[in-house]
Every structure is written in structure tokens, then in C-alpha cells.
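For reference, the structure I am asking about is given below.
The values are calculated or read from the model by the stated rules, or taken from the named source; none is laboratory data. Fair warning: this is a prediction, and the values are worked out from it, not measured in the lab. Glycine gets a Cβ as well: all are built from the backbone with ideal geometry, and neighbour counts include every protein chain shown.
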Amino acid sequence: MAHILAIFKKEIRAYFVSPVAYGVLTIFALVAGYYFWIVVGVYQRAGFQSMMNPQIAQGLNPSDWVFRPLFSFLSVIVLFLMPAITARLFAEEKRQGTAELLFTYPIRDVELLLGKFFAATALALAMLGLTLAYPLLLGLFVPIEWGPTLTGYLGMALMMMAFLAVGTLISSLTEHQLIAFTVSFGAALLLWLIGWAADGAGPTGRAVLKHLSLLEHRESFAKGVLETKDIIFFLNFTFFFLFLTLRSLESKRWRG
Amino acid sequence: MIEVQNLTESYGPVTAIEDVSFTVGRGEIVGFLGPNGAGKTTTMRILTGYMPPTTGTAQVAGFDVLAQSLEARRRIGYLPESVPLYGEFRVRTYLDFVAEAKGVPSRDRRARVDEAMERCAVTDVAGKLVSTLSRGYRQRVGLAQALVNDPEVLILDEPTVGLDPQQIVEIRRLIKGLAGRRTIILSTHILPEVSMTCDRVIIISRGRIVAVDTPGNLTAQVQKSANVLLQVEGPPDRVMAEIRRLEGVQRVAPRGDAVDGRRTYLVESERGRDVRVALAAAMVKNGWGLYELRPADLSLEEIFLHLVTDEAAAHQPGRAAEA
């Protein structure tokens, strides 16, 4: 446990002494803020129209009009930003040669992995946390349905962790950050696009592909539906990739 | 303290080390000597648990480096040749992280870090970024990093490489100062380093151990006769003839070219027999100018070349090794 904390603190420090954390947080805050401003504008115009058309007014709530589109949009940004967070985790250690020291410290591979993964997760959650300002801000003017909003956040967090796990695995396989970033981004993109392919597939293929698509699972959270199967899917997904990373780290010890 | 048996490491078709066995006792400083690419780094990486051996076993402080890796690693302080440190950290913060990662309890951490910094004389740069340090300071921070958990065994890969002479002397003194309680293995391809710091030398060449002994014994073992270097101004033929006539002289050979009419000769005599007085008398008697007369001990350098070339001749070439 103490080792995990040591690694965690070191990684967090490394994020914040390099431009990575600031870059990621700034880009995310800017883009998310801009998009939030746009959707609130749309929501506001719909509000004006609803005065003349009561049918629109029925479905007019911030969850459907602001937060669901916001989360869908943020999912796309996250595709870019999660690989940026994870790319350096192991690749940088190998390139700098610091892996040679780190791997000879009396730390279990699993402690090393978790320390690094938790640090990446903490940065990602901090990033997502910035957007909590939006419902709070909007709540000053309209009543917010906190249930669906918070499940939407939970879905986002779980999906981000899944992407981070994929990125961590890929970072452990290369010593070039750029390769780690590109491949992780490609993998994340593929996991996202896979849901689109589902529409063209047969009934079985459709079910399988839809099940594999990370965004498909996140979407149900944004609707305010908290389903065990979606939670389990994300956790399984994350564990699976962390497990593969662990294997990849251990293989260094016997592969030489 | 360290026990290595029949260690072999191959990378595909390339054999880096082959059948390496040695033991190191508690408190010993052992020098690992060999040319670049002889397998020193590979052996050290196996000992530190960074890399598994292809076959063979290694134990550190009674723990197998493979099966009881964590226990073994807990007792080792390692400094790789490239001195990989986190440049973006300040020295104290970095050492604090290392202490924590190595499992030093939090109540002792500050004291341990202070002690390691004190020992390695880096206290004055405690607040500096590691990336801004000079090579000499980096090396010492690297040593402090190895020492911070007070390990029983220190493994130092080329600890003086890339330092200026002043820094080399400092690091050597530092390493000598660490000995006693700790067992130290250090690798080097610089021979004087070994005779200055180590109790014992392991000479490794092309992945094999070719000699294990004290620096003194190695000299005695290879040197079968006593040699004298002599610089004389005089006709070479007559000088050599005169020397050969002396009792106890086995061989005489000119060395190098004549400079200003002076020539240097290497005189080999029977072991334990000092021919210097007779040599001097003979030169003076003939009226030749005697410029220099000194014993020519084989330096470790020559012993090393001797051992390594013997070894190279005995094995087919091409069994190159990776460092």
C-alpha cells in the first residue's frame, strides 16, 4: 500500500512539473466550456420557442438538452486526452532509463501499476471535475435533475478509466511516447467506432459489437439509467487491460 | 553475501555471459573488470533482479534473485551506468521518493535522506532540480539514491565513468568510505580503479570469468620474472652484449626507438634477483650514459591484456557479447 502511494505521488508530481497536466486540463476546460456555452444557447432558444409551443416545453429539461449532448461531446475529447495522459506512464521510464532503477526497487509490479494508473485516473477525474461547475452554475437558473446528471458523470468517469487502462497497456509496450499516444488513440477510436459498425451487422454481430462499444455503455448512464451490467462492463474492461499490463510488466522479468 | 552459480544469459543467438560463477563475502569490495561489452552490466542486471538469467542461479544475502526477488531487492542499492534520475525533481524530493519507494518507514525517512545526502556530499544542492546538476553531482545523487535504504549490498555499474579526475578521486574515496559493513560490487574498465578501491578483482572477458584474485596476487601470478627498464646512451649492440654477460639476466630487448641517442632496454632477470646494481656498474664501467634505471612491474593493464588475449586465443572469435 505504501508503495502504491509513493508511486502515485511521484506520478502526480511528474504530471504537474511537466506541461502534460496543464495542457490537458486547459484544453479540456476550454473546449468543454465552449461547447457548454453552445448547448446552453440552444437550450435557451428552445426555452423561448416553448412559450409559443407547449409541446416542446414538455421535454425541456437540462438533462436532455444540456448534459446528454455535453457528455456525448466530452466523450470525443476524452478519446484524445486519455492517451495524452497515459502515453508517458511507462514509455517515458523506459526511454529515460529510469525503469532500470524503478524495476529494481523492492516494489511489486502490481503496486507499480496501480500507483501509476491511479495517478492517471486522478488527473482524469480532476479534469472531469472541472465541468461540475456547469450543473452548479446552471442550477442557479433552472432546477437540475441531479440523478441523471450524476449518473452521467459516473458513466463518464468509468469510460475514462477504461480508456486509461487501454492506454496504460500500450505505454508499457513501447518506449516512445508518440507511439504510445498514437496507438492508444487509434485503439480508443476503434472502440468507439465499433458501435457504428453494429448497425450494418447481423443480429448476433450487432449485439456483440454494441456490447463492445464503450460509448454505447456510457450513453445509458447519461439517460439516468444505472444498470449493473454497464457498471460491470466498464470494470471488467478496465481490470482486463490492467491485467494485461501487469503481464506485460512481468514478462520483462523473464523475457529479459 | 553474493553467490552466483553458472550464470548464463543469451539474447537469441548472442551469449552475453556464459557459465559465470563467483562469490563475494560480507564487507568485501569486488571489482568487476573487463572491456566494454564483456558482460559486466548483464551480470549486474541479473543480480539486481532487472533481468532474469537464461540459466543458473544468483543469490544476494541468501535470497534468490528470481524466486525471492523482493527480499533480494530490499537489500540492494543499485546505480546503473547511465545514472537514470528523474530530471524534473529536486534532489531532496527525488531522494524522498526513492526512500518511500524502497519502503523506508516514514518516521525514518527524513533522517535517512539527510544521511545519504550528507554521505554523498550533495546537501548543498538539495533544493536544485536534478536536471540542472553537473555530471559529478548527478553521480553522487545516484549514489545517494542507492544508499538511501541503507542496503547491505551495493552494486555500482561504472561509477566513475564520465567524471573528471578530481571527481573520480572523490567518488573513489566515497566508495571506499562506504565499505566495511556493506558489500560492494563495482564494475569498471579502468584498471587503476580496481587496484585502488577493490579487495578482489574478477576479470571478465567475452562473457566468461578469466581470473579472480587480489590485485597483488594477479600481478605475481602473471609476472614470472623480475623486469628492469634501463635507458642508456651507447652503441646498442655493445650495450646488449654487455648486459647479457651479467649474472642472472635472462633476456634483454630494446624497447622503442632511440631518442637523442638514448635507448631503452627491458631486462628480464631471474625471479628474486636484483640485477640493478650490476647493471649500473657495467654501464658506468664502459663509460655509457645511464639515464634511467627502474623496476618494471607489470601493470594491471598488462596483466589484463595478457589474460584477455590468452582467453581470446583459446576461444574461437565471434562470440561477441553485449554489455
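Given the condition in a helix (DSSP H, G or I) and under 25 Å from A:Lys94 (Cα atoms), answer yes or no: does some residue in the range B:112-130 qualify?
Yes: one or more hits.
How about the range A:126-152: which of its residues are part of a helix (DSSP H, G or I) and either touching a Cys at 6+ places or on another chain (Cβ under 6 Å) or surrounded by fewer than 16 Cβ atoms within 10 Å (Cβ to Cβ) (or both)?
Answer for the range A:126-152, where residues must be part of a helix (DSSP H, G or I) and either touching a Cys at 6+ places or on another chain (Cβ under 6 Å) or surrounded by fewer than 16 Cβ atoms within 10 Å (Cβ to Cβ) (or both): A:Ala126, A:Gly129, A:Leu130, A:Ala133, A:Leu136, A:Leu137, A:Trp146, A:Gly147.
Residue under question is B:Thr43, and the condition is that it be more than 9 Å from chain A (Cβ to nearest Cβ), within 30 Å of B:Met117 (Cβ to Cβ) and hydroxyl-bearing (Ser, Thr, Tyr); does it hold?
Yes: the conditions hold for B:Thr43.
Here's another thing I want to ask about it. Which of the residues that make up the range A:216-255 are within 14 Å of chain B (Cβ to nearest Cβ) and either acidic (Asp, Glu) or touching a strand residue (DSSP E or B) at 6+ places or on another chain (Cβ under 7 Å) (or both)?
Once the filter is applied, which keeps residues that are within 14 Å of chain B (Cβ to nearest Cβ) and either acidic (Asp, Glu) or touching a strand residue (DSSP E or B) at 6+ places or on another chain (Cβ under 7 Å) (or both), the range A:216-255 yields only A:Glu250.
Condition first: of a type in the set (Gly, Ala, Ser) and assigned to a loop (DSSP other than H, G, I, E, B). Can you find one or more residues in the range A:235-254 that meet it?
No, every residue in the range A:235-254 fails to be of a type in the set (Gly, Ala, Ser) and assigned to a loop (DSSP other than H, G, I, E, B).
Name every residue in the range B:164-192 that is buried (at least 23 other Cβ atoms within 10 Å of the Cβ) and under 8 Å from the mean Cα position of the chain (by Cα), in order of residue number.
B:Leu186, B:Ser187
So that you can scan it fast, the table gives a plain yes or no per residue for (1) basic (Lys, Arg); (2) in a helix (DSSP H, G or I); (3) in the same structural domain as B:Arg276 (by TED's automatic domain parsing):
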site: B:Ile168; (1), (2), (3): no, yes, no
site: B:Ile171; (1), (2), (3): no, yes, no
site: B:Leu174; (1), (2), (3): no, yes, no
site: B:Ile185; (1), (2), (3): no, no, no
site: B:Glu242; (1), (2), (3): no, yes, yes
site: B:Gln250; (1), (2), (3): no, no, yes
site: B:Pro254; (1), (2), (3): no, no, yes
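Go through the range B:256-285 and count every residue that is part of a helix (DSSP H, G or I), exposed (fewer than 13 other Cβ atoms within 10 Å of the Cβ) and among the charged types (D, E, K, R).
Selection size over the range B:256-285: 1.
Quick one: count up the residues across the range B:7-23 that are buried (at least 16 other Cβ atoms within 10 Å of the Cβ) and more than 13 Å from chain A (Cβ to nearest Cβ).
3
Scan the range B:64-93 for residues that are touching a residue at least 40 places away in the same chain (Cβ under 8 Å), of a type in the set (A, V, I, L, M) and facing chain A (nearest Cβ under 9 Å) and jot them down.
B:Ile76, B:Leu79, B:Val83, B:Leu85
Residue-wise test of (1) without any contact (Cβ under 8 Å) to a residue 40 or more places away in the chain; (2) of a type outside the set (S, T, N, Q).
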| residue | (1), (2) |
| --- | --- |
| A:Gln58 | yes, no |
| A:Asp64 | yes, yes |
| A:Arg88 | no, yes |
| A:Lys94 | no, yes |
| A:Leu112 | no, yes |
| A:Lys116 | no, yes |
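Just checking, does the range B:24-38 include any residue being under 30 Å from A:Glu111 (Cα atoms) and surrounded by fewer than 23 Cβ atoms within 10 Å (Cβ to Cβ)?
No, every residue in the range B:24-38 fails to be under 30 Å from A:Glu111 (Cα atoms) and surrounded by fewer than 23 Cβ atoms within 10 Å (Cβ to Cβ).
Next up: Scanning the range A:13-31 for residues that are buried (at least 16 other Cβ atoms within 10 Å of the Cβ) and not aliphatic (A, V, I, L, M), which turns out nearest to the other protein chains (Cβ to nearest Cβ)?
Of everything passing the filter in the range A:13-31, A:Arg13 is nearest to the other protein chains (Cβ to nearest Cβ).
Do we have any residue at all in the range A:216-223 that's basic (Lys, Arg), touching a residue at least 24 places away in the same chain (Cβ under 8 Å), closer than 30 Å to A:Pro135 by Cα and not in a helix (DSSP H, G or I)?
Within the range A:216-223 (the criterion being basic (Lys, Arg), touching a residue at least 24 places away in the same chain (Cβ under 8 Å), closer than 30 Å to A:Pro135 by Cα and not in a helix (DSSP H, G or I)), the answer is yes, since at least one residue qualifies.
Right, something else. Every residue in the range A:32-43 that is surrounded by 12 or more Cβ atoms within 10 Å (Cβ to Cβ) and free of Cβ contacts under 8 Å to residues at least 40 places away in the same chain, please.
A:Gly33, A:Tyr35, A:Ile38, A:Val39, A:Val42, A:Tyr43
Table: residues versus (1) under 21 Å from A:Gly139 (Cα atoms); (2) under 22 Å from the mean Cα position of the chain (by Cα); (3) among the hydrophobic types (A, V, I, L, M, F, W, C); (4) at pLDDT 85 or above.
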| residue | (1), (2), (3), (4) |
| --- | --- |
| A:Leu25 | no, yes, yes, yes |
| A:Phe28 | no, yes, yes, yes |
| A:Tyr34 | yes, yes, no, yes |
| A:Arg45 | yes, no, no, yes |
| A:Met51 | yes, no, yes, no |
| A:Pro54 | no, no, no, no |
| A:Gln58 | yes, no, no, no |
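Output yes when any residue across the range B:133-142 is under 22 Å from A:Leu5 (Cβ atoms) and either surrounded by fewer than 24 Cβ atoms within 10 Å (Cβ to Cβ) or assigned by TED's automatic domain parsing to the domain that holds B:Tyr11 (or both), and no when none is.
Taking every residue of the range B:133-142 in turn, none turns out to be under 22 Å from A:Leu5 (Cβ atoms) and either surrounded by fewer than 24 Cβ atoms within 10 Å (Cβ to Cβ) or assigned by TED's automatic domain parsing to the domain that holds B:Tyr11 (or both).
Something else about it: Only one of (1) in contact with a helix residue (DSSP H, G or I) (Cβ under 9 Å, 6 or more places away or on another chain); (2) surrounded by fewer than 21 Cβ atoms within 10 Å (Cβ to Cβ) is not met by A:Phe67, so which one is it?
Here A:Phe67 meets the rest and fails (2).
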